[in-house]
Amino acid sequence: QCVNACPVGALQETSELDRVEAALDDPDKHVLVAIAPSIRTSFGELEGEEFGVDTMKKVYAGLRAAGFDRIYDINFGADMTIMEEATELKDRLLNGGVLPMFTSCCPGWVRLLHNYHPECLDHFSSAKSPQQMFGAASKSYYPAQAGIDPSTVYTVTVMPCLAKKMEAHIPSMEVDGQRDIDAVITTRELAKLFKARKVKWRKLEEEEPDQPMSEFTGDGTGFGFSGGVMQAALRTAKHMVDGGDLDIQAIEWQDSGIPGVREFTAELGDLKARIGVVNGAVHAFDLFESGQLNDFAFVEVMACEGGCINGGGQPHVNAHTRVTTDFVAKRRSVLKNEQKESGFSKSYENKTLQVYYNDYIGEPASHKAHKYLHYDFQTNYDNNEGWRSEAGKEFSEAH
Ligand code: SF4
């Protein structure tokens, strides 16, 4: 099912709502849902709330009222991504590996690199995104804990992003024949789902999510805004390298001189690493054209300006409001407050995640971690997995 994404129908969004509703109505399916960090910042706008209202616990309640069997939070998957990504960064820095390492959790950025710089795919962290890591755990760890058949589990995510649908449907995003993710709906589609399932927003009381796989840290929450992934990964990498803590509030970001790219120098043991954060896909091209790419050790790219709080699946904001209100800052403030309330907790402190590693996966970057939580960009590019657009294929053939 497709819906127009622009007034003249030049772009269309693929809706997966029909499949989600069919799964909810299927008594043989055990339907899990997990929300991305930035959904809580924006969903209220679709229900008449002001910008910057934290609706996390009401969204959990609404999902339960809509009929999902288990309500989870992708922030748990974000903490998983940090554990794997930080381990990989430490290894590349200490033992030699391709640098700069690129974050790979934003499928808009992943597609951009596939289309325009496929020679740089080995720069990507092989850590799957929080969505895909959560999905892999939902089809392996969760059924093992719950004592149910993994093939009955149907995993839905609520994302701020249209590209997350593409990522979820990449053919090899599965383990032992189980898809990591079965369906992805956007923030806007969630409002439609609530309407279709007769969920009355005003009558909802705040509720907690289910456990396990909903405990999360302030670092996990940071995945929703530009720079948040970088801070979290570096903090955990520093802890792994020298046992120290990176005070993310004290980071003094500098203008790198490259449009849209902030930087700072991180100290990890004896190493000094130049760190870059690219805010918006267009600035990835600026970074490539700057001639400075190889001076960096680690680069975060978020395709949407401001990060997922301003993603393509978020509530539309009209032109007048865009000029008069800094709605991105208001959405960001929700996540910043949540980080503060958590005491700026760190991914490696997530107790439920520690249990997951101890009882199921072993160590980060273990053989089992690679089976469930990593993705081989180069091999799958060679297999033409679907990251490239038709225009990208034409571009790479012409260059
Ligand atoms: Fe999706 Fe935009 Fe977030 Fe990237 S930054 S994951 S494209 S919403």
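As a footprinting exposure proxy, order CYS161, CYS120 by other Cβ within 10 Å, with the fewest listed first. Write out the running numbers ahead of the final one.
Numbers: CYS161 25, CYS120 16.
Ordered from fewest to most neighbouring Cβ atoms within 10 Å, CYS161, CYS120 come out as CYS120, CYS161.
For PHE68, PHE216, what ranking results if the residue with the fewest other Cβ atoms within 10 Å of its Cβ goes first? Write out the running numbers ahead of the final one.
Details: PHE68 24, PHE216 28.
Lowest to highest Cβ neighbour count: PHE68, PHE216.
Measure off 7 Å from each Cα along the Cα-to-Cβ vector at ASP255 and SER290, then give the distance between these two points in nanometres to one decimal. Going from the ASP255 label point to the SER290 one covers 1.3 nm.
Across ALA250, ALA284, ALA127, mean-square fluctuation computed from a Gaussian network of the chain (C-alpha pairs under 10 Å connected) peaks at ALA250.
Subtracting the Cα-Cα distance of GLN378 and THR352 from their residue separation scaled by 0.36 nm leaves 6.1 nm.
Beyond a 23 Å Cα-Cα separation, which of these cross-linked pairs lie in this structure: LYS58/LYS192; LYS57/LYS346; LYS57/LYS340? It would help to have the intermediate numbers written out before the result.
On the way: LYS58/LYS192 16 Å; LYS57/LYS346 21 Å; LYS57/LYS340 17 Å.
Listed pairs above 23 Å: none.
Using the Cβ atoms and a cut-off under 12 Å, what net charge is assigned to the surroundings of GLU252, where Lys and Arg are +1 and Asp and Glu are -1?
On the way: positive: ARG262; negative: ASP247, ASP255, GLU263.
My count for the surroundings of GLU252 gives -2.
Loop-resident GluC sites (Glu not before Pro) (DSSP state other than H, G, I, E or B) in the range 183-273 with no more than 15 further Cβ atoms inside 10 Å of their Cβ: GLU205, GLU206, GLU252.
Taking the Cβ-Cβ separation of GLU341 and GLU363 as r and a Förster radius of 41 Å, what is the calculated FRET efficiency to the nearest 0.05? That pair, GLU341 with GLU363, gives E of 0.85. Other residues lying with their Cβ under 13 Å from the Cβ of GLN178 contribute a combined charge of -2, Lys and Arg counting +1, Asp and Glu -1. Which of the residue pairs LYS200/LYS336; LYS139/LYS368; LYS90/LYS336; LYS90/LYS393 have a Cα-Cα distance greater than 24 Å in the structure shown? Beyond 24 Å between Cα atoms: LYS200/LYS336; LYS90/LYS336; LYS90/LYS393. To make sure I understand the rule: partners must be aspartates and glutamates, Cα under 15 Å from the Cα of LYS198, and not fewer than 8 residues away in the same chain. Which ones qualify? The qualifying aspartates and glutamates are GLU21, ASP25, GLU47, GLU189. The alpha carbons of the range 177-249 stretch over 52, 38, 26 Å along the principal axes, in descending order.
Quote the FRET efficiency, to the nearest 0.05, computed for LYS57 versus GLU119 with a Förster distance R0 of 41 Å and r equal to the Cβ-Cβ distance. Please report the intermediate quantities before stating the final value.
On the way: r = 46 Å, r/R0 = 1.12.
Rounded to the nearest 0.05, the efficiency is 0.35.
Running a GNM on the chain with Cα contacts under 10 Å, which residue among GLY48, GLY62, GLY222 ends up with the highest mean-square fluctuation? It is GLY48.
Direction-averaged projected area, Cα convex hull, the chain: 19.4 nm², rounded to one decimal.
Computed over the Cα atoms of the range 322-399, the ratio of the radius of gyration to the Kirkwood radius (Rg/Rh) comes to 1.19.
First select every other residue whose beta carbon is under 9 angstrom from the beta carbon of SER138; then total the charges, Lys and Arg +1, Asp and Glu -1.
Numbers: positive: ARG70, LYS139; negative: ASP180.
So the surrounding residues net to +1.
Test of understanding: in a Gaussian network model of the chain with alpha carbons linked when under 10 Å, which of LYS198, LYS336, LYS90 would top the mean-square fluctuation ranking? Fluctuation is largest for LYS198. Looking at the chain alone, DSSP beta bridges between its own residues are antiparallel in about 40 percent of cases. Taking every DSSP beta bridge that has both ends in the range 167-309, the antiparallel portion is near 70%.
Read-outs throughout are calculated quantities, based only on the coordinates presented, and are distinct from any laboratory measurement. All values reported here derive from a predicted model rather than from experimental measurement. Cβ coordinates were reconstructed from backbone atoms using ideal geometry, including for glycine residues, and neighbour counts include every protein chain displayed.
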